[in-house]
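Single-structure report; data block below.
The values are calculated or read from the model by the stated rules, or taken from the named source; none is laboratory data. None of these values were measured; they are calculated from a predicted model. For neighbour counting, all protein chains shown are included, and Cβ atoms are generated from backbone atoms with ideal geometry for every residue, glycine included.
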Amino acid sequence: MHRTRTLLIALLLALVAGGVATPVVAAPPAGPRHEVGYDRHSLTVDGRRILLWTGEFHYFRLPSPDLWRDVLEKVKAAGFNGVSLYFHWGYHSPKPGVYDFTGVRDVDRLLRMTEELGLYVVARPGPYINAETTGGGLPAWLKQVPGRARSSDPGYTAAYREWLDHLDPIIARHQVTRGGSVIAYNVENEYGANVDPLYMEQLQEKVRADGIDVPVTHNNCCGGDLANWSSGQGAVQIPGVDDYPQSFDCPHPDTTWGPWGAGVTRRLRDDAPVYAAEYQAGAIDLADAGYEKCRQLTGPDYMKVFYKTNVVASGATMFGYYMAYGGTSWGWLPQPNDVYTSYDYGAAITETRGLTTKYDEFKRQGYFATTVAPLTKTDPAAAPVPADPAVHTAARANPDTGTQFVLVGHTDRASAADVTTTLDWSTSDGRYQVPVRVDGRDAKILVAGYDLGGQRLVWSSSEILTHAPIGGRDVAVFHGRDGEDGSTVLRYSSPPTVRVLEGAVRSSFASGDLRLDYRHSGLARVSITGGGRPPLLLLLGTDETAAQFWRVDTGDGTILVRGTELARSARVLGGTVQLRADVAETGDVEVFAPDSARRLAIGGSPVRVGRTPSGSLLGKVTGPHAVVLPALTDWRHRVEAPEAAPGFDDSRWTKAERTTTGSPIKPRTLPVLYSDDYGFHHGNVWYRGHFTPTGSETSLALNAITGKRGVYLVWVNGRYLGSANGGVQADSEPVNPDPGRGDFALPPGLVKPGEPATISVLVENMGHNDDWTADDVRFKQPRGLFGASLAGSGAPISWRVQGAAGGEDLADPVRGPLNTGGLYGERAGWHLPEYADRTWQRADVPSPPGVTWHRTTFRLDLPRGYDVPVVLRFPATARPGQRVLIFLNGWNVGQHLGDQSPQRDYSLPGGVLAEHGTNTLALAVIDTDGTATAPVVSLVAAGVVRGGVPVR
Ligand code: GAL
C-alpha cells in the first residue's frame, strides 16, 4: 500500500515537472539466466555456440506496438533467430531531462515481445544511430548544447548520459544474462571520422556502470583509415563491419553489381567472432527511383551471391541484415536529404508488412544458417577444384566435425553464364567427383560430411533448407534451381530401402553410399528406411517449393508447414495441431507433425485433413474474400494562414532577438532566426517581421535552410510574393554562404514610408541533418531563416517566431515531438479527431497560395480475423507546388511531396487506423501556386490475408 502510494507520488511529480514518467516498475523477464561468452568463432550461450542471424527493425518507424508483434513474428518465421534494434534518442526526448517510454515508445514492451518469441536482440542505442532519421537519432535540442556531439566534451557527455540513464536500465533487465533477449550491445554507429577515443572509452564505462554485461560491439564502416575500435583506447569486445556492396543505385537494378566491393566482412579481432553488423538487405532511394527498384537491386540474385560469399569467405557467425522491415518515417522522422516518408527500403518485408521473393531467399538462407550447427565454428579450408575455371569455389570446415561448406559461384562475379562442371572434392567420407551447375547470377553453399539427425550426409549438390526429427524419423528438405540436376549421397552400413513417393528420383547403392540423382522440379519425396539408421523422409524441392515450407519449433517438437502465406506459431494439443497462420489464397495445406497429431486447426478453426503417403496431414484452406474499402467523400475545407495578414496578433509569439547561436554556423544577418534557438525543432515555422519602411525598399532578400525538398513562402503586408526552395546547409561541403536564397521584389506601393509593414514567412523544416561526420557542422546546421534584409534600405526588422504549440513542452506527448509543427491548424488542433469542423465549407474551390485544410471521416469495419493493410493513395500524376501533410486520427503519417518524391501510397497502420470504427483524415495542403483544390485520394488495400495479429 505504502509502496503504491510512493510510486503514485513519483509519477505525479514527474508529470508536474512536465516530464513523462519512465515506467518505474517492470517485471523482469521470466526466463532463466544464461551466461554469454564468445571466442574467435562465435558467441556462446551457456557454452553452446550460436550463429546469430538478425534482421534490423526500427520500432520507431511503426507507431503501432501490436504490429511490432506481426513484424517480429514474420522476422522469426523467415528463420532469423534475432533482431537488431536501433533506439532513437530524439524520438523519446523532446527536451533536456524529459523522456517518454510509454505507448508507441514503450521499448520495454518491445523487448518483452522478443522474449515471448524467442528472438535474440542486438541493442543499438547509439547515442548516434544515423539511420536516415532526423539528426541521425540525436534530439534536436542537442543542437543547443555546447560541445561537439559524439565527443568527450562535457556538454555532450552530460546529455548522452541522461539518455542512457533512462534507456540502459530497460535494456539491462532484458539481457540474456538476466533471462531476457539482449545478447549484445552496440555502442555508437560507424564512428570513424573525427573520432575521440576517450568518448568511446567513457561511453563503454557508462554502459558497464549501467549494468550492461553482454558483449559490447561496434559497427565499423567503409574500411580504409577509419577507426574500427578493434584495439587501443575505446576498443570494443566484438568490432563488426557494415557492408553495402550494391550501393544505393536503385535506378539501375539490373546492371549494378557490387560497385562497393565483394562485401566480404573483414575479421577485425582474433579473439572475437567476425561480425557483419549491417549487411545490405535493401537500399535508401537516394535517386527517387521508387523502392521496388531498390528491392530489385538487392533481390534474391544479389542475396544468393553476396550473402553466401560472405558466409563462406568471411566465416562470420554474427549477422545484422539492414533492413528486415523498413517501415515509415512518419511525422518528422525523416532525415530529409536522403529519404522521404516511406522507409520501405526495398526490404524483404514491405512497408505494408507484405512478404516478397526476398523474404523467400532469407528463409532459404536463414533456415540453413540456423539449422546446420557446424557452421558456428569453421576455419578456412582447401576448396574442391572445379574442372572449369569459369566456376569458383571457396571452402570452410568445422575442425571438430570435419563438416565442409563449399561456396560454388562464377569466377567473374558479374557473369551470367550457364556453366556445368565437376568438383574434385575430398570429403571426410572419401573423394568424389561432384557435378555442379551455375546458371546466371547464382551461388550455392554445398555441404559434405554432415551428421544430419541420425543420417550421414556424404555430400549433396542440392542445398540444405532445414531438417528435424519429426514423428519418429528425420525429415529433411533440400533444394536447387528449377530444372537443374541434383545428386545427394548418404551413407549406410547396408543397403537401405528406398521408396520414391513422388517425383522422379533414381537411386543406387555402392560401398556404403546411397546415391540419389534427380532433376529439381516441384517437390520430390523419398522415403529411406533400414540401412542401420533411423528412417528418413527426404524432400527435394526447387528453390520455390522449398520456400513454401515453414519451420515452426513448438514445445512439442518441430513442425513443418507448407501452403500457408505465413506460419507464426503452433502447438500440439490433444492430437490437434493448433496453428497460427496467415492464409492468402485457397489451396492445400500440409503439415509434418509428431505422430500423435491427427487433426489440424488454423486460427482456431478446424481444417479437415487426411494422412498422406509421406506421413503428413493434408487439407484445404479457404482464402480471404475481397475487401471493399469506402470511398472518401463528404470533405470539408478551410483556408488558413491568418499569419499572412498584417493585422494578425503575434504578440504572444517568441521574440527573435538573439545575437549568438548554439550553431557553429553563423547567420548571414542578425538577429539569429534559427528556429532551434527558440525551441522550435520540428515541422513548419512561421516568422513575422515588422519594420518601418523608408520608402526606398526595392526587395526582400531571404535565406532559409529547410533540408532537401523544403520550400518557404513569403508575404508582405498580406500580399503573397512567392516561394523559394530552402537550402540544405550553409558552410561545410559544398561551401554555401548564401543557402536557400530568395529575392522577393516589393511591388510599388506595397509598403509606404513611415507606415509599419509586416513580413510573414512560412518555412518548412523537413527534418535535421545527420552527424555522420561527427563534426557538428552537418548536425548543427540551422533550420528556418538564415538571413533577412531589405534591398535599398537599412530599416531594421524586428522578428517573432512560432513553431509547434508549446515548443519543447509538448502539447501532445502521446503522439510526441515529431508529430506536429507550427501551422495554424496544427496549433489549433485541426488535425485532431475531436476537433469540430462543422463550420468548415463544403464546397471546394481553388485556394490561395498558403495553407488549406481538408477533412473527412470514414468508417471501417474490416473483417475480423483478417489482416488488411490500408494505404492512402495519391494520383500517379502529382500536382506540382502542392505538398500535403497527412493526419490520420491526429497522427502525422507522412508528407506527400507532389512531384518532389516518387511516393504515392502512404501506409495507414492498424492501431493508428481504427479498423472497426470511425477515422478522421485531415490533409493540410501547402500550396506555393494557389491554384489547387483538395487532393484526390483513395483508400486501397495493400493485401488481404486471413490471419494477422489482434490490433487495438
Ligand atoms: C549505414 C548506417 C545506417 C544507415 C545505412 C544506410 O551506414 O549505419 O544507420 O544509415 O548506412 O541506410
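Report whether or not T773 is at pLDDT 95 or above and either among the polar types (S, T, N, Q) or not in a strand (DSSP E or B) (or both). Against the criterion (at pLDDT 95 or above and either among the polar types (S, T, N, Q) or not in a strand (DSSP E or B) (or both)), T773 does not qualify.
From the list T466, T420, the one residue that fits, being closer than 27 Å to W550 by Cβ and polar (S, T, N, Q), is T466.
Only one of these is of a type in the set (F, W, Y), over 17 Å from L333 (Cα atoms), buried (at least 24 other Cβ atoms within 10 Å of the Cβ) and away from the ligand (no atom under 16 Å from the Cβ): Y191, Y120. Name it. Give the steps one after another, and end with the answer.
Details: Y191 fails: away from the ligand (no atom under 16 Å from the Cβ).
Answer to the check: Y120.
What are the pairs, 6+ residues apart or on separate chains, where a residue within region 277-300 that is among the charged types (D, E, K, R) has its Cβ under 8 Å from a residue that is near the ligand (Cβ under 10 Å from one of its atoms) and in a loop (DSSP other than H, G, I, E, B)? Listed by first residue and then by second, the contacts come to E278/Y244; D285/F248; D285/V339; R295/G282. Considered as a group, the residues in region 210-256 that are among the small types (G, A, S) and closer than 24 Å to V45 by Cα include one that is farthest from the ligand (Cβ to nearest atom), and that residue is G211. Has region 516-527 got at least one residue that is touching a residue at least 60 places away in the same chain (Cβ under 8 Å), closer than 18 Å to R473 by Cα, in the same structural domain as L465 (by TED's automatic domain parsing) and not basic (K, R)? For region 516-527, residues touching a residue at least 60 places away in the same chain (Cβ under 8 Å), closer than 18 Å to R473 by Cα, in the same structural domain as L465 (by TED's automatic domain parsing) and not basic (K, R): present.
Looking at T134, T157, T177 in this structure, which one is more than 16 Å from the ligand (Cβ to nearest atom), under 26 Å from P817 (Cα atoms) and modelled with pLDDT of 95 or more? Please lay out each step first, then the result.
Numbers: T134 fails: more than 16 Å from the ligand (Cβ to nearest atom); T177 fails: under 26 Å from P817 (Cα atoms).
Testing whether each residue is more than 16 Å from the ligand (Cβ to nearest atom), under 26 Å from P817 (Cα atoms) and modelled with pLDDT of 95 or more leaves just T157.
Checking the structure you have, find out if any residue of region 833-845 is modelled with pLDDT of 95 or more and buried (at least 19 other Cβ atoms within 10 Å of the Cβ). Looking for residues that are modelled with pLDDT of 95 or more and buried (at least 19 other Cβ atoms within 10 Å of the Cβ), one finds none in region 833-845, hence no.
Scanning region 271-301 for residues that are over 24 Å from N219 (Cα atoms) and either in contact with a Ser or Thr (Cβ under 9 Å, 6 or more places away or on another chain) or not in a loop (DSSP other than H, G, I, E, B) (or both) yields D288, Y291, E292, K293, Q296, P300, D301.
Applying the condition of being under 12 Å from the mean Cα position of the chain (by Cα) and in a strand (DSSP E or B) to region 302-331 and asking which residue is nearest to the ligand (Cβ to nearest atom) yields Y322.
The set of residues in region 201-226 that are surrounded by 21 or more Cβ atoms within 10 Å (Cβ to Cβ) and out of contact with any strand residue (DSSP E or B) (no Cβ under 8 Å at 6 or more places or on another chain) contains only L203. Of the strands (runs of 3 or more DSSP E) entirely within region 847-894, those holding at least 3 residues that are under 22 Å from V763 (Cβ atoms) occupy 850-861, 882-888. Taking the conditions (1) crowded, with 22+ Cβ neighbours inside 10 Å; (2) in contact with a Gly (Cβ under 8 Å, 6 or more places away or on another chain) in turn, W229 satisfies each one other than (2). Counting only strands (runs of 3 or more DSSP E) that sit wholly inside region 347-410, those with at least 1 residues that are of a type in the set (D, E, K, R) are 379-381, 391-397. State whether the residues of region 125-132 include one that is at positive phi, surrounded by fewer than 24 Cβ atoms within 10 Å (Cβ to Cβ), in contact with a Gly (Cβ under 7 Å, 6 or more places away or on another chain) and not assigned by TED's automatic domain parsing to the domain that holds W891. Scanning region 125-132 turns up at least one residue that is at positive phi, surrounded by fewer than 24 Cβ atoms within 10 Å (Cβ to Cβ), in contact with a Gly (Cβ under 7 Å, 6 or more places away or on another chain) and not assigned by TED's automatic domain parsing to the domain that holds W891. Of everything listed in (1) touching a residue at least 12 places away in the same chain (Cβ under 8 Å); (2) in contact with an Asp or Glu (Cβ under 9 Å, 6 or more places away or on another chain); (3) not hydrophobic (A, V, I, L, M, F, W, C), the single unmet condition for G807 is (2).
Just give me the residues in region 718-760 being small (G, A, S), under 42 Å from the mean Cα position of the chain (by Cα) and outside any loop (DSSP other than H, G, I, E, B), in sequence order. Step through it out loud before you land on a result.
Going through region 718-760, the residues small (G, A, S) turn out to be 718, 722-724, 726-727, 730, 732, 740, 742, 745, 749, 754, 757, 760.
The next check asks that each one be under 42 Å from the mean Cα position of the chain (by Cα); those that pass are 722-724, 726-727, 730, 732, 740, 742, 760.
Scanning region 718-760 gives G722, S723, A724, G727, G742, S760.
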